Every structure is written in structure tokens, then in C-alpha cells.
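Student: Below is a structure I'd like to ask you about.
The values are calculated or read from the model by the stated rules, or taken from the named source; none is laboratory data. This is a predicted model, so every value here is computed, not measured. Reconstructed Cβ throughout: ideal geometry from the backbone, glycine too, with neighbour counts over all protein chains shown.
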Amino acid sequence: MIFIVDDDPVHNLITTQLLNNVQFNEEVVIFNNGKEVLGSIAQGNLPRVILLDINMPIMNGWEFLEVYHNFKNMAEVYILTSSSNHIDLERADEFECIRGYYTKPINKETIKSIFGL
Amino acid sequence: MVGTAEVNFVVISNIFLVQNTLDSAKNSKMPSLSKVFESLSLSILITDEKFEVVYTNNSFNNFFDGNEKEIELKNIVGNKFYSELRSFANEAFNLDLVSEHDLNYTSLEGDSVLLNVRVQQYEENKNTYVIFIFKDVSQTRVNQKIKAYKESLDKMNIELDQFVYKTAHDLRAPLTNLIGLIGIMRNETDLELLSTYFDLQEKSVSKMDDFIQKITAYTKNTRLPLLVHKIDFKSLIDSVLNDLMYYDKSEFVKKSVHISKDLNFYSDKERLEIVLKKLLANAIKFSKSKDNISTLNLNISGEETGCRIVLHDNGIGIPNAIQPKVFDMFYRGHASADGAGIGLYIVKETILKLGGTISLNSEEGLFTEITLFLPSLKEK
């Protein structure tokens, strides 16, 4: 199961479409912010990969990771953000579960690189 | 020449020394205070009940260019300063109070210093005197000002950092969407999908435009001076409501406006419009679903020094926990808050610029009420 966490519906559509284009066949679930993800995990959903935006209302990417990085069975987390700010980049090093940091826009190559296709 | 060098090196213990000396004089009839006073770097002046000079110490004489021959205080310190000291002396006699005042003193040569004057009456051998203790606090006050400036600069720098960070982010977001959309459109043949993508491109561009407009409004508010006119609320509200007519959900919100008659209110029309438009737009945006009867009441009434504007809606309300944060820069409090989180920040800053206040009262799921008080910027 793949979680896409981003409050921007256009980004979510682009990502889903890119996944369709590479015939990706895992289930994809979309969330608007970190809090929704925590709710879903609490209900027993265990994602294999989380594609995570940083800047979101209610609970942003960093706030989510502060909670999530204590969990057992963590997913591989990839940051997908339009922030190319070095502070965000450095902060990504603090979390072991983060496997990659990508600056939007994303394209076919980004998806291939994340999922090793 | 003003003897600043001497009075600058005042240490706090000197004040206590004088204080203690005064106290012991009262209690144990210590014969003379003048020996102690001569050695102080504080300037001391003692007058009797008739405001005649009884004593001045070395530091006082040096500072005010006095000499032993001149005994007329008025001639030594100048008319203006003299009358100020005199009124303090009266106060000290009549009320038996210790008072402190900051006074500007300009010497005959034109040097200006800020003097802190401590005034206290005391009795000795059944005579009553007033003792004045002068301290040059020019540097202290300048330092305090510098410190305050520094603090406000630090705050502005943090805001600026945040601003640049968020601006870069929010300007890039719609652009990256455009690029992403173009990427997936390139090989797309389904016409229906393509049409959806075009719509989304349009939305992204509008979003970016909207953000740039808000930034412009923000900088306008901070940079441009106030332009004060008499406010015609009726036409102002009409124009705002007209702008909001085509907003999503606007047609489902029943709006009622009450404006007191004979309001004689002056303010900056353009800034006021920015504020009202944003607040009304929020009330519409965060109204409940169509099934409810959504209402929005706007009440504008006169106050002694300005006007009060109360905006009440029965929308989704704001949870208690986030109420203190909604006016923060870039704070987005709701999942459907799809903007930059800058609207209410601009409202708050604009209200500040207009010299007014804004307060929020809301209960989640029930209502939001925003109250503005704005001073009239011209005398009635």
C-alpha cells in the first residue's frame, strides 16, 4: 500500500497519473495532511511507502514525522515538496525513515527512481 | 560646558548611600550631610521651603556652571528648568512624596542631556528642605531605545526569513503543478482527461496570481502612508459584496447588513476594503453546507472615537485550540484552507496600521464573531 500525503489535489492527481502510466499495481491511498495518515495507521493500515509533502495545514510533514518516527514497522518515507530550502533538506537527515528527498515538479523519472523501476 | 563626565559615572549604590544618609539624619541627628554629598558624582541641590538655595554640591556646580557667587537658582539653571524644579518642590512639600522625573536640560552652550531628577523633602532641626538628586541618564535612555530597536529588528528579520521561505514555496507550488501537468499531458490522448488537465492548469495559474496579489496588498499596507477619507460604509460594503458575489457558496449565504445612520467616520478606504473583503470572504468560504441556512450579519455602529464593526456568521466556527494562531503569518487552520495562510495576517496588520483592534469569538460548529474597533482618523 502506498500513501500519498499532500494537501494539493493537483499534485495528487499528477502523482497518481504517473503511477498509472508505469502500470503500478499497488493500492494507492491519498491523504491531505499528517493527521489523516496517523488516523489511518491507527486503524491498522500499514503502508509500504509514504510520499510525503512538508507544507500542509493541520499537521505538516515534519510534525507528522515527529510522531511517526517512534512507530514500529515504519514505511519508507520519500519527501516530495516544492521547498528547496536548505533547512528542510538538512532536517530530512534527522529522520532515519526518510529514504529520499525530491523537489517538485515530479515526473516519470522521479517515480522510477523511488520505486526502483 | 556641561560636566557630563562626572555625572555619567553614577553608581546605584550612591543613591542608597544618599538614602541611608537621609534616613540616619532623620533618626540620629547626624550633624551634616554636606561632607558626604561633596564626594558624590551625583549632583545635589537642597532648597528650603521658600525654594531658596541652601546647598549645592561640587558636582551640581560643575554641571550647571554655577559658582559660589551666584546664588540665584533661576540664573544658574535657566527659567524653564527652574519652574519645573519649583513645581516638583511644591509637590514634595505638599504631599511628602518621593518623586522621580526625566527632564531635558539644555545648557547655555546648547548641549542637551536627559536628567533624571529625584525629589524628596526632609526635615532637620525643625526646618523643612527639599533635596534634588540629578543623574544624567541620556546614555541609559539611548541604550534602552537601541535595545528596543534591536528587538523589533530581530522580530522583523525572523518574519522576513519566514516570508522569503514561504513566498518561495507558495510561488513554486503552482508552477511545479503546471510543469507536472504538462508532463502528463504530453502523451495523453483521452480528450476528456486533457480537458480536466487544462482546467487544473488554469486553476494553478489563478492561484499564483491570487498569491501575488495578496503579497502586493501586504506590501502596500506596510509601505504606503494612510490615505484618510470620510467613509461611506454603504457604498463600501456594496462594492465588497459585489466582488464576493461569484465566490463559491456565496449565493447560499444570507447576508444582512446594518449600518448606523449619521456615522462621521474617517479612515483609509482602500485598507478598510481589504479588511472587510477578506473577513466576509472567510465567512462565506467557511459557511456550512447548502442544507443549512447560512447567515452572515454585519453590524456597523458609531463609537465615541470611531466605529465598531461586528461580523457574525453561523459557519463552521474555529476550534478553541487554534484561535490564537489564526492571525499568524502563513498559518492555515483548516483542511480546506487552500490559500497561502496570509489573508488574516494581512487583516491583522492592516487593522494595526489603522490604529484599531480586532477580536475573535467563536465556537466550533456554531458561529464565528469578529469584532473590529477602528478609531476615526480625523477629529469629528
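Student: Considering every residue within region B:359-367, establish whether at least one is closer than 17 Å to residue B:269 by Cα and surrounded by fewer than 19 Cβ atoms within 10 Å (Cβ to Cβ). Don't jump to the end; show me each part of the working.
Tutor: If we filter region B:359-367 for residues that are closer than 17 Å to residue B:269 by Cα, which is where we start, we get none.
No, region B:359-367 has no match at all.
Student: Of everything in region B:183-197, what is more than 9 Å from chain A (Cβ to nearest Cβ) and among the hydrophobic types (A, V, I, L, M, F, W, C)? Give them in sequence order. Write out each step before concluding.
Tutor: Going residue by residue through region B:183-197, those that are more than 9 Å from chain A (Cβ to nearest Cβ) are B:185-186, B:189-192, B:194-195.
Hits for region B:183-197 are B:185, B:191, B:194.
Student: Residue check: is residue B:294 free of Cβ contacts under 8 Å to residues at least 12 places away in the same chain, more than 25 Å from residue B:166 (Cα to Cα) and among the hydroxyl-bearing types (Ser, Thr, Tyr)?
Tutor: Values: free of Cβ contacts under 8 Å to residues at least 12 places away in the same chain: no; more than 25 Å from residue B:166 (Cα to Cα): yes; among the hydroxyl-bearing types (Ser, Thr, Tyr): yes.
Answer is no for this residue.
Student: Restricting to region B:102-157, give me the number of residues that are part of a strand (DSSP E or B) and over 24 Å from the mean Cα position of the chain (by Cα).
Tutor: Initially, region B:102-157 is screened for residues part of a strand (DSSP E or B), giving B:102-106, B:112-124, B:127-136.
Those still in the list that are over 24 Å from the mean Cα position of the chain (by Cα) too: B:103-106, B:112-124, B:127-136.
Adding up the residues that qualify gives 27.
Student: Another one. Would you call residue B:279 surrounded by 12 or more Cβ atoms within 10 Å (Cβ to Cβ), in a helix (DSSP H, G or I) and in the same structural domain as residue B:318 (by TED's automatic domain parsing)? Steps first, please.
Tutor: Details: surrounded by 12 or more Cβ atoms within 10 Å (Cβ to Cβ): yes; in a helix (DSSP H, G or I): yes; in the same structural domain as residue B:318 (by TED's automatic domain parsing): yes.
Yes, satisfied.
Student: Consider only pairs whose beta carbons are under 6 Å apart and that are at least six residues apart or on different chains; among these, list those whose first residue lies in region B:198-212 and is more than 9 Å from chain A (Cβ to nearest Cβ) and whose second residue is buried (at least 19 other Cβ atoms within 10 Å of the Cβ) and not in a helix (DSSP H, G or I).
Tutor: Once the first residue is more than 9 Å from chain A (Cβ to nearest Cβ) and sits in region B:198-212, its partners that are buried (at least 19 other Cβ atoms within 10 Å of the Cβ) and not in a helix (DSSP H, G or I) give B:211/B:340.
Student: Which of the following residues is surrounded by fewer than 18 Cβ atoms within 10 Å (Cβ to Cβ) and facing chain B (nearest Cβ under 9 Å): A:33, A:21?
Tutor: Working: A:33 fails: surrounded by fewer than 18 Cβ atoms within 10 Å (Cβ to Cβ).
Within the list A:33, A:21, the selection yields A:21.
Student: Does region A:59-78 hold any residues that are within 13 Å of another protein chain (Cβ to nearest Cβ) and either touching a strand residue (DSSP E or B) at 6+ places or on another chain (Cβ under 7 Å) or free of Cβ contacts under 8 Å to residues at least 12 places away in the same chain (or both), and which are they?
Tutor: A:61 - this is the single residue of region A:59-78 that is within 13 Å of another protein chain (Cβ to nearest Cβ) and either touching a strand residue (DSSP E or B) at 6+ places or on another chain (Cβ under 7 Å) or free of Cβ contacts under 8 Å to residues at least 12 places away in the same chain (or both).
Student: Determine the pairs where a residue that is on the phi > 0 side of the Ramachandran plot, located within region B:302-329, has a partner that is among the acidic types (Asp, Glu) with Cβ atoms under 7 Å apart, the partner being 6 or more residues away or on another chain.
Tutor: Listed pairs, sorted by first residue: B:317/B:363; B:317/B:364.
Student: Follow-up. Being modelled with pLDDT under 90, more than 23 Å from residue B:215 (Cα to Cα) and either in contact with a helix residue (DSSP H, G or I) (Cβ under 7 Å, 6 or more places away or on another chain) or in a helix (DSSP H, G or I) (or both): is that true of residue B:340 here?
Tutor: On the way: modelled with pLDDT under 90: yes; more than 23 Å from residue B:215 (Cα to Cα): no; either in contact with a helix residue (DSSP H, G or I) (Cβ under 7 Å, 6 or more places away or on another chain) or in a helix (DSSP H, G or I) (or both): yes.
Considered against the rule, which asks whether it is modelled with pLDDT under 90, more than 23 Å from residue B:215 (Cα to Cα) and either in contact with a helix residue (DSSP H, G or I) (Cβ under 7 Å, 6 or more places away or on another chain) or in a helix (DSSP H, G or I) (or both), residue B:340 comes out as no.
Student: Give just the number: which of (1) in contact with an Asp or Glu (Cβ under 7 Å, 6 or more places away or on another chain); (2) away from chain B (no Cβ under 13 Å) does residue A:56 not satisfy?
Tutor: Here residue A:56 clears every test but (2).
Student: Within region B:234-255, restricting attention to residues that are touching a Ser or Thr at 6+ places or on another chain (Cβ under 7 Å) and in a strand (DSSP E or B), which residue is surrounded by the fewest Cβ atoms within 10 Å (Cβ to Cβ)?
Tutor: Let us first name the residues in region B:234-255 that are touching a Ser or Thr at 6+ places or on another chain (Cβ under 7 Å), namely B:244, B:249, B:252-254.
This time we only want the ones that are in a strand (DSSP E or B), so: B:253-254.
Numbers: B:253: 22, B:254: 12.
Ranking the candidates gives B:254 first.
Student: Across region A:79-96, which residue is farthest from the other protein chains (Cβ to nearest Cβ) among those that are of a type in the set (A, V, I, L, M) and surrounded by fewer than 16 Cβ atoms within 10 Å (Cβ to Cβ)? Steps first, answer last, please.
Tutor: Within region A:79-96, the first condition is being of a type in the set (A, V, I, L, M), and the residues that meet it are A:79-80, A:87, A:89, A:92.
Those left that are additionally surrounded by fewer than 16 Cβ atoms within 10 Å (Cβ to Cβ): A:87, A:89.
On the way: A:87: 8, A:89: 12 Å.
My answer is A:89.
Student: So which residues in region B:312-333 are in contact with a helix residue (DSSP H, G or I) (Cβ under 8 Å, 6 or more places away or on another chain), in a loop (DSSP other than H, G, I, E, B) and more than 14 Å from chain A (Cβ to nearest Cβ)? It would help to see each step written out before you state the result.
Tutor: Step one: list which residues in region B:312-333 are in contact with a helix residue (DSSP H, G or I) (Cβ under 8 Å, 6 or more places away or on another chain), which gives B:313, B:315, B:326-331, B:333.
If we keep only those that are in a loop (DSSP other than H, G, I, E, B) as well, we get B:315, B:326-331, B:333.
Residues satisfying the conditions are B:315, B:327.
Student: Residue A:22 passes all but one of (1) among the β-branched types (Val, Ile, Thr); (2) modelled with pLDDT under 95; (3) under 13 Å from the mean Cα position of the chain (by Cα); (4) over 28 Å from residue B:328 (Cα atoms); which number fails?
Tutor: Failed condition: (3).
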